[in-house]
1. Looking at segment 125-177 only, could you name the residues that are more than 16 Å from the chain's Cα centre (by Cα) and of a type in the set (Gly, Ala, Ser)?
2. Could you please find all residues in segment 67-91 being touching an Asp or Glu at 6+ places or on another chain (Cβ under 9 Å), of a type outside the set (A, V, I, L, M) and closer than 21 Å to Leu33 by Cα?
3. State all residues of segment 84-98 that are surrounded by fewer than 19 Cβ atoms within 10 Å (Cβ to Cβ) and either without any contact (Cβ under 8 Å) to a residue 40 or more places away in the chain or not basic (Lys, Arg) (or both); if no residue qualifies, say none.
4. Return the residues of segment 146-165 that are buried (at least 17 other Cβ atoms within 10 Å of the Cβ), modelled with pLDDT under 85 and within 17 Å of Lys66 (Cβ to Cβ); say none if nothing qualifies.
Amino acid sequence: MKEIIKFSLFILFFAVVLVSCSKEKNQEPLQDLQDKSMTYKEFFETVSEKSVDFVPNEKVLLVSYKLNKEDNTVTFLSSIIAESSWGIGFDVAGKYEKQQLSHNQKDNYTVFYANNDGENLEKTCNGVSNFKQLLFNYYTEGINNYLVYVPDVKAFYLSKDLEELVDLKDEETLKQVSEIIKS
């Protein structure tokens, strides 16, 4: 009888370890979308609505994407959950109250980016069509294009420079970003 109890406890322990490990591997729920082409609406909804369920507070969703101007779609290349850069963290903290007030307005998002002259700009985006136009205007063919989404305050940050978006001094973020760049 003791042997059966010991064996049962061992199996239970093994099952708990197995479930815990599988949850860690599935921490990136958008990985199944890697290299998937989608409409602007699908892309916008995937990033802005679905990410709210799995991006923890004080973290951001970093997305690598490519615009397909011929068929008017976006290819979702990859994504990771990461620590924001110091600049974004500071910016979000400074605007947190204002953005939390507008958080109740379902379709209002804020998009931050730098124009060709290096001037930092902030635009209010009230849905897919505005977002599509901003992505289209900001996109540069032939290089990696990134955005960070901060679900806490419904804000997008567009940049071609990863250091402006995520904290590359954070070991886990650096490791994940390195894997994305390799692929």
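1. Listed by number, the residues that qualify are Gly127, Ser129, Gly142.
2. Once the filter is applied, which keeps residues that are touching an Asp or Glu at 6+ places or on another chain (Cβ under 9 Å), of a type outside the set (A, V, I, L, M) and closer than 21 Å to Leu33 by Cα, segment 67-91 yields Lys69, Thr73, Thr75, Phe76, Ser78, Ser79.
3. Scanning segment 84-98 gives Trp86, Gly87, Gly89, Phe90, Ala93, Gly94, Tyr96, Glu97, Lys98.
4. The one that is buried (at least 17 other Cβ atoms within 10 Å of the Cβ), modelled with pLDDT under 85 and within 17 Å of Lys66 (Cβ to Cβ): Leu162.
The values are calculated or read from the model by the stated rules, or taken from the named source; none is laboratory data. Everything numeric in this text was worked out from a predicted model, so none of it was measured. Note that each Cβ is placed from the backbone with ideal geometry, even for glycine, and that neighbours are counted across all protein chains shown.
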